Structure formats: structure tokens, C-alpha cells
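Every number here is computed from the coordinates shown, using simple stated rules; none is lab data. In this text the structure is predicted, and so the values were computed from the model without any measurement. Neighbour counts are summed over all protein chains in view; Cβ atoms, including those assigned to glycine, are modelled from backbone coordinates with ideal geometry.
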Number of protein chains: 2
Amino acid sequence: MTAAEDASAPYEAPAGLAGVSVARTKVSDVLGRKGFYHYRGYNAVDIARRGRVEDAWHLLLHGELPTPRQRAEFAAATAAWRALPAGVGDLLPAIARLSPPGSLASLRTAVSAAAQAIGCRPWTDQTDAETTEQAARLSAMMPVLAAQLFRLASGQEPVQPRPDLGYSDNYLYMITGRIPDDRARYALERYLMLTIDHGFNNSTFTARVIASSGADLGAITAGALGALSGPFHGGAPARVFDMLDAIGTRENAEPWLRHEIESGRVLMGFGHRIYKTIDPRSQLLHEVARELHSERVELAEVVEKTAVELLAELKPGRDLYANVEFYAGVVLEAAGLPREMFTSTFACSRIIGWMANVLEQIADNRIYRPLAHYDGPEAPRELPGFWQPATP
Amino acid sequence: MTAAEDASAPYEAPAGLAGVSVARTKVSDVLGRKGFYHYRGYNAVDIARRGRVEDAWHLLLHGELPTPRQRAEFAAATAAWRALPAGVGDLLPAIARLSPPGSLASLRTAVSAAAQAIGCRPWTDQTDAETTEQAARLSAMMPVLAAQLFRLASGQEPVQPRPDLGYSDNYLYMITGRIPDDRARYALERYLMLTIDHGFNNSTFTARVIASSGADLGAITAGALGALSGPFHGGAPARVFDMLDAIGTRENAEPWLRHEIESGRVLMGFGHRIYKTIDPRSQLLHEVARELHSERVELAEVVEKTAVELLAELKPGRDLYANVEFYAGVVLEAAGLPREMFTSTFACSRIIGWMANVLEQIADNRIYRPLAHYDGPEAPRELPGFWQPATP
């Protein structure tokens with residue numbers, strides 16, 4: 001017997017739900033063949049070139065771009081929400097001791113506790129206004145948790161957030177202890193806006209699946225953060241960097257890359273489930289890296305060009321191009337961030353997208369509860385004869 | 001433009017992936033029309049009648065039922081893994097202060113920290129043996145975390161686990177501080193074995209989605225636990241109990257239930273995505289409740305019978321029957337558990353199913369990355385004219 005015989009012939013989806021549309025959405029879209037993606041209809045790369053984090057955040061959370069006045073009010077409100085609630089700051093040193101600096105596992109534990117501290121309950125038991133405010137508060141706290149955990153885990157005193165600083169300035173300040181220069185802010189701000197949302201990627205889908213059970217925003221955020229920590233999703237930018245280190249020189253790019261590909265290893269920073277052309281995020285990050293005269297950009301360019309050529313030669317038909325993670329590390333380094341913080345920084349922007357998706361999910365919810373096709377031993381199998389019925 | 005125009009006509013799945021088979025599995029199956037489910041081919045209700053938790057756990061984790069010798073070895077190994085690692089026990093009091101007794105949010109934060117403490121890393125960076133051992137350790141620690149958090153949050157001293165006690169005895173001992181009687185163990189053991197796994201339910205699917213990104217077992221467990229905490233999934237047994245309290249007497253059942261259904265409210269403990277007949281779990285739990293002469297069983301029976309009749313009358317064609325949660329609370333109360341601990345107890349059994357599913361997922365992995373159908377404002381929309389390009 002199989003589920004297929006019992007139910008009315010379920011649709012058998014491809015592995016990983018590739019090519020399956022699981023919902024309707026007004027949050028964002030990725031047109032993989034056109035190399036274009038948008039937030040609520042606005043070209044995300046344009047927003048990243050011309051906007052500020054709070055603009056994109058307001059657009060995602062509230063559905064519309066802010067007017068100049070709304071922008072100022074939203075920036076002030078979200079800056080005030082940076083303050084960690086009582087009981088969370090005290091937990092951070094003990095959490096930070098459990099994992100190395102920049103650990104997404106520490107951040108997951110901390111954000112889970114922070115959600116408890118601000119009183120997140122199942123959204124079914126809350127008003128929409130409560131849930132929306134918690135979504136903004138968790139998004140505002142994420143950079144603070146990430147920065148303080150980093151400093152604690154590296155043996156430094158945590159730096160308290162400053163509500164008078166903009167989003168990116170405050171983040172870099174909390175990590176380095178110094179107000180950043182314009183270049184650093186410029187680099188970080190582009191990266192953050194580019195990575196806020198991107199369709200039903202693995203962590204966003206996770207957020208929606210958990211939200212659909214009626215769970216609280218802490219459950220949703222911890223789960224999505226967990227998904228983001230996986231090397232096949234958000235856990236790769238630092239690995240791209242490690243690759244650039246390992247290659248070392250321009251001359252070494254071709255033989256090193258050829259050896260990796262021929263050995264069957266996956267090149268970090270190349271290929272994407274949806275993009276079958278150049279990833280527009282990678283394009284802008286590349287531009288930013290050049291504008292900032294990053295030391296590493298020249299090596300990265302050689303590696304990118306060589307890898308794309310080699311992949312076309314050795315893996316024909318796979319359409320493998322540099323993805324967002326390829327130049328992300330180069331830009332984040334130019335912003336003054338240590339590489340241990342690359343994935344945590346990604347979490348700070350992507351939580352904004354998670355929350356927008358969650359608010360949409362709960363507005364018209366049906367629990368995600370798919371089927372699977374059982375193909376194990378035929379049921380029912382006989383239990384061993386020595387097993388006796390239990391009695392009270 | 002929509003994703004549909006860009007990609008090659010994706011399959012548009014029903015909301016919640018209802019009726020969509022997302023994977024092949026050898027772990028378990030639910031035949032919803034037959035009212036039958038199994039673990040790796042063995043009738044799960046038979047296992048629950050005749051086995052012990054360690055039998056089902058070994059079957060799920062290692063793929064086969066244990067021989068008597070394997071059962072003893074596995075019981076000893078998993079009992080030893082109950083000990084909390086350094087750094088976690090110290091965190092529990094502070095976590096317990098953040099939420100009320102029995103909170104799944106506290107348990108989520110605690111298991112996230114516990115996974116850090118035992119060194120869970122992305123499974124992509126571990127051997128299969130390491131990942132399997134961590135899966136067993138997290139499953140063994142879950143009841144300890146749940147029990148200690150409960151006692152701390154209720155102002156009691158935590159009780160350390162005893163490796164010389166069986167799974168269920170130890171759990172009840174850690175919560176109540178007393179070795180339970182045979183009836184209590186009998187009741188709890190039936191419940192636990194019945195609820196270990198159940199196809200691609202919401203939390204199990206969450207576990208697989210997160211696992212598919214390459215994330216560590218802590219990320220996976222925290223996410224799945226978050227999903228379980230939702231009222232549409234595992235967060236309902238206590239609510240069924242609240243309903244029985246609200247009804248109070250047999251005479252009040254009909255008018256109370258009719259009023260609820262006619263007011264458009266969802267009755268907790270009835271209906272299931274997959275079962276369109278009597279839930280076999282509910283059936284055995286009902287039997288167990290009767291065997292134990294639970295005080296509450298008579299009221300529950302009247303409520304069940306009345307609700308099923310009223311649902312058939314007022315919601316014809318929906319096939320709404322009592323689900324696993326309906327008699328779960330009655331049985332768990334007979335086991336001596338406070339109602340705040342019902343969902344945490346569910347988590348203790350279900351983690352065994354999550355881990356089996358995760359080990360299967362990572363053995364043949366493809367990242368879950370579905371599509372969505374964008375139906376918001378047409379892209380690209382014009383950005384406001386006052387937005388100027390940023391410069392470094």
C-alpha cells in the first residue's frame with residue numbers, strides 16, 4: 001500500500017519542490033531567465049542603488065514605500081526598538097560561550113530568547129497590530145544580537161546600540177566600536193538592500209511553513225535563521241572567501257578551479273536554482289566592489305571569469321554564473337566586517353523579507369501539510385513474536 | 001510579468017501543499033482513508049500496544065526493530081545521553097524566567113543552546129555517524145530540557161535525570177519528583193509511541209526543509225519545535241482540555257458545541273488533513289483512557305459523540321472525526337502530567353520522527369526551494385523622483 005493508492009493520486013512534485021509554485025504572493029518575485037527581481041513591483045537593484053534600508057524595510061513590512069516623513073518616523077521607531085529587553089542581554093554572554101564568533105547557532109538561540117522576552121505568542125492569539133510590531137522589533141533586534149554575540153564571543157565588551165545612528169552605521173558601530181566612514185556604510189547598505197528578499201528561497205519558505213502552524217514569531221524566526229545557516233543557503237559567503245584565499249593569486253585561478261571541478265566538488269558562489277543568467281545582485285555587488293577599489297576585487301574578477309568559462313566547458317548546459325554570494329564577501333569586507341559575520345549580516349537583512357512573507361501567510365493561512373510517497377517495506381510487517389501486549 | 005511567464009509553466013500547488021507528494025520516504029506512512037499508519041511498515045498502533053519507546057526509537061533511528069539485546073544496549077546508551085552538557089543546565093533558569101511553565105518557546109531556546117553545547121555543525125561538515133549520534137542525543141535530552149524548564153518555571157528545583165530508569169519513568173520522575181506507578185507509565189508510554197511519527201506533518205516537513213539547506217541539527221530541531229508549537233499543529237491538546245472544562249457537564253455538551261460550531265469557531269481536537277475516518281491514534285488513546293478509568297473519559301466520550309454528530313449535521317461532507325489530540329489530554333492527565341506539559345510531551349516523542357526524517361533527507365538531499373506565483377502590482381514600478389542614486 002502506498003499513499004498514492006489511498007489518496008486520490010497525489011501530484012508527485014520534483015525533489016526540493018523545484019519548479020513548483022506553492023503560493024500566491026505580493027511580496028517579491030524573481031524572474032530567473034531575465035535576471036530581474038523586485039520587491040512589491042519595484043526593481044530591487046534600483047532600490048539598492050538609490051534607497052536606504054528603512055525604505056526597503058517599510059516597503060516590505062507595510063506594503064508601500066515611505067514618504068520622506070514616514071521614512072523619518074519609521075527610522076526613529078525602528079531605532080528605538082534596537083534596545084534589548086531585560087533578561088536577554090544577561091543571557092548573551094552564556095550563549096556566546098557555546099559557539100565561535102559569528103555563529104548562526106548562537107544567533108538562533110539568542111533571537112529565540114529575545115522573542116520570548118518581548119512576549120511573542122502564537123499569532124492566532126494576537127492582533128495583527130501586535131504581530132506586525134513584533135515583526136519589526138525582531139528585525140530591529142537582530143543586528144544588535146548579532147553584533148553583541150560577536151563581540152562577546154571574541155572576548156570584547158558588547159557595544160550598546162545608538163538610536164541616533166542610521167541602520168548601517170549603528171550595525172558597524174556595534175561590531176567595531178567605531179562610527180564607520182561613508183565608504184563602509186555605502187558598501188554595507190547596498191548589500192543589505194539587495195538581500196532583503198528573494199522569492200521563496202529556503203529560509204523564507206521555512207518561515208512560511210512554520211507560520212502556517214499558528215506558531216509565534218520567535219519560532220518562525222529561529223527556524224528561518226536555522227535554514228539560512230545551511231551551507232547550501234546562507235552559509236556560503238565566508239566559504240567563497242576561503243576559496244579566494246586558497247587560490248591566492250590570479251595565475252593560480254585556472255589550475256585550482258579546474259582541479260576542484262574535475263574532482264567533482266561544488267564551487268561555492270556559483271549557480272542558482274532560479275537564475276539561469278547573471279544574478280543581478282552579483283552584478284551590483286561587483287560594481288560596488290569596483291567603486292570601492294577593494295583589494296580583493298581583481299582576484300575575484302579573474303576567479304569569476306575563469307570559473308564561468310570552466311563551468312561552461314566542464315558542466316555544459318548547467319548555466320552556472322556567479323551568484324549573490326560570490327561578491328558579497330568582497331563588499332562586506334570593504335564595509336569593514338570580519339568574515340565570521342557575513343552570514344549573520346545576511347540574516348539582518350533577510351529577516352525583513354521573512355517577516356513580510358509571514359504577515360502575508362497569516363493573512364490567508366492554510367497549514368503546510370504535504371504528502372510523501374512511501375516506498376519502504378510493504379505494510380503491515382509482522383512484529384516479533386516475543387512482543388507481548390502491554391497492560392496497565 | 002509573473003514567475004509563470006518567466007519559468008516554464010510551474011505546477012501551481014494547492015494551498016498548504018494539500019495532496020502534493022513532496023518526496024519519497026521509507027520512514028512512515030499514513031493511509032488516511034483506511035485509518036491506518038505505520039512506522040517503516042510496522043503498524044504503529046501495534047507497536048504502541050506491545051512495544052516500548054526504545055523499540056520504536058531504534059526502529060525510526062536505525063531502520064530496524066531492535067533484538068532484545070540491541071534494545072537493552074540502545075536503552076542504556078540513550079539513558080546515558082540524558083545528561084545535559086556543561087553550559088546548558090546553567091542557562092535553563094534564565095530561559096525559564098522568560099515564559100510560563102510548559103512553554104514551547106523556552107524549550108526551543110533551550111534545545112537550540114543544547115545543540116550548540118554538543119557541537120552540532122552543518123551536517124555537510126560532519127560524518128553520518130556524528131550526525132546520527134547527535135540526533136539520538138538531542139532526542140534523549142529533549143525530555144530532560146522540558147522537565148527541568150517546567151520545574152524551574154513553576155518555582156521548583158530541577159530534578160536530574162536518572163539513567164537507571166526507563167524512558168517514561170524517568171520523564172515522569174523528572175517532572176513530578178516521584179517514581180511513577182505502573183498505570184502512569186502505561187498511559188504515557190502508549191501516547192509517546194503513538195505520536196513518534198506521522199508522515200509529512202507540518203513540523204516534520206519543517207525539519208526536512210531546514211535540513212535540506214545543510215543546517216545543523218540544532219537549527220533543524222529548533223525549527224521543527226517551533227512548528228509544533230503552533231495551535232494548528234501540536235499546540236492543541238491543552239486547548240481540548242480547556243474545552244472539556246468549559247463544557248463541564250454531559251448535559252452541556254450539545255448546546256455548547258452547537259453554539260461553537262454555529263458561531264463559526266473551529267472545534268479543537270476534530271478533523272485532520274489526511275484522516276477522513278477515525279484517527280487510529282485517537283482510538284487507542286480512547287481505549288487507554290477507558291482502561292485507566294480516567295475521570296474525564298466519560299465526559300470526553302459524550303463530547304466526542306456529540307461533536308461528530310453535530311459536525312456531520314452542520315458541516316456535511318467534511319468528514320470530521322476526533323483526532324489524536326482529542327483523547328491525548330485525557331491520557332496524559334491520567335499519566336500524571338500537568339496540562340501545561342502536553343505539547344512539550346508531544347515534542348519528546350515527535351523529535352524521534354523528525355530525526356529519522358532528517359537522516360533520510362540528508363542521505364539524498366536536494367534543497368527545498370519552491371516558486372511562488374506573484375500577483376502584486378505589475379513590475380517594474382517607478383521609484384519616487386526624489387530618490388537619488390547613492391555614491392560611496
Listed residues B:ALA72, B:ALA356, B:ALA334, most fluctuating in chain B (Gaussian network, C-alpha, under 10 Å): B:ALA72
DSSP-assigned coil residues among GluC sites (Glu not before Pro) in the range A:13-122, each with at most 12 further Cβ atoms within 10 Å: A:GLU64
The protein assembly as shown - Kirkwood radius from inverse mean 1/r over Cα pairs (Å): 26.8
For B:82-88, mean number of other protein chain Cβ atoms within 10 Å: 1
Nearest-first distances (nm) between copies at A:PRO316, label 7 Å from Cα via Cβ: 6.4
Hull-based mean projected area of the range A:236-334, where the convex hull spans the alpha carbons, in square nanometres: 5.6
Given charges at Cβ of Lys, Arg, Asp, Glu: the range B:20-108 dipole, positive-most of B:SER21, B:PHE74, B:LEU84: B:SER21
Long pairs among A:LYS276/B:LYS276; A:LYS26/A:LYS276; A:LYS34/B:LYS26; B:LYS34/B:LYS305; A:LYS305/B:LYS26, criterion Cα-Cα beyond 32 Å: A:LYS276/B:LYS276; A:LYS34/B:LYS26; A:LYS305/B:LYS26
Once exposed loop trypsin sites (Lys or Arg not before Pro) are cut out (DSSP; at most 13 other Cβ, 10 Å), longest piece of chain A: A:1-177
Restricting the range B:314-382 to GluC sites (Glu not before Pro) in coil, as DSSP defines it, with at most 16 other Cβ within 10 Å: B:GLU378, B:GLU382
Cα-only Debye scattering, chain A: base-10 log of I(q)/I(0) at q = 0.06, 0.07, 0.13 Å⁻¹: -0.26, -0.35, -1.09
Nearest-0.05 FRET efficiency for A:ASP182 and A:PHE386, computed from C-beta distance (R0 51 Å): 0.10
Peptide B:191-201 - average C-beta neighbours from other chains (10 Å radius): 2
Placed amide H near A:PHE36: partners under 5 Å, 5+ positions off or other chain: A:LEU31
For A:ARG24, residues with placed amide H under 5 Å, excluding near neighbours: B:HIS373
Euclidean distance of C-alpha centroids, the range A:210-249 and the range A:349-372, integer Å: 18
Euclidean distance of C-alpha centroids, the range A:290-314 and the range B:63-92, integer Å: 49
Gained length - A:GLU133 relative to A:ARG366, 0.36 nm times residue gap less alpha-carbon distance: 81.6 nm
Zero-based 10 Å bins, Cα pair distances in the range B:171-258, whole percents: 14, 27, 32, 22, 5, 0
Per the axis that maps chain B onto chain A, nearest residue of B (Cβ criterion) and its distance in Å: B:GLY223, 2
Charged-residue dipole, Cβ positions (Lys, Arg, Asp, Glu), the protein assembly as shown about Cα centre, Debye nearest 20: 300
Approximate shape of the range B:5-119 as ellipsoid semi-axes (Cα gyration tensor, √5λ), whole Å, largest first: 33, 28, 15
Mean residue ellipticity (222 nm) of chain A, computed from DSSP H runs ≥ 4 via -39,500 (n - 2.57), nearest 500: -17000 deg cm²/dmol
Residues A:GLU262 and B:VAL266, FRET efficiency given R0 of 45 Å [Cβ-Cβ distance, rounded to 0.05]: 0.20
Shortest-first distances to equivalent copies, position B:PRO380, nm, label 7 Å out along Cβ: 6.3
Cβ-vector label at 7 Å, A:ARG33, separations to other copies in nm: 3.8
